1. Given a cut-off of 15 Å, what percent of all Cα-Cα pairs of the chain lie beyond it?
2. How high is the relative contact order of the stretch 24-86, in percent, with contacts defined as C-alpha pairs under 8 Å that are six or more residues apart?
3. Counting Lys and Arg as +1 and Asp and Glu as -1, what is the net charge of the other residues whose Cβ lies under 11 Å from the Cβ of R102?
4. Subtract the Cα-Cα distance of R26 and D95 from 0.36 nm times their separation in residues, and report this length gain in nm to one decimal.
5. Taking the simple approach of a point 7 Å from Cα along Cα-to-Cβ for both R76 and E88, what is their distance in nm?
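Rule-based calculations on the coordinates, nothing more; no lab input. These numbers were taken from a predicted model, which means no experiment stands behind them. Cβ placement follows ideal geometry from the backbone for every residue including glycine, while neighbour counts extend to all protein chains displayed.
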Amino acid sequence: MATRERHAVGTTLPGVVPFDPPALTRLSWELGSRVIDDEASARVGRWECVGSSWSLSVFRVTSETVVVRVRTPIGRQRFYGAAWMDLESDLSKLDAAPSWERSR
């Protein structure tokens, strides 16, 4: 598994995810669920970690904002808000990571 430098302070994605955007905001489960269920929200993609039950989905919620949903192996959902410009290039890292595969 690839390692990455962690930010000294602030919110980060779980270590199993092969990228870490520079500015994330942790959202409550209630807020994250409500935002991605809104009709204006569009799923950009979903990825599953090979050999485990981690998954990650990215939702475009405004023209410049995304919500990342991470499902843990025990089924908990964690939500993070990020700027699209900070996350867009990271999605290619997820596609290239041998331990993650895109699902439909």
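1. Values: 3252 of 5356 pairs.
Counting pairs separated by more than 15 Å, the tail of P(r) holds 61 percent.
2. Details: 119 pairs, mean separation 21.2, N = 63.
Here the relative contact order equals 34 percent.
3. Details: positive: R46, R104; negative: E48, D95, E101.
My count for the surroundings of R102 gives -1.
4. Numbers: separation 69, 0.36 × 69 = 24.84 nm, distance 2.33 nm.
Gain on extension, R26 to D95, equals 22.5 nm.
5. With each label placed 7 Å out from Cα toward Cβ, I get 3.3 nm.
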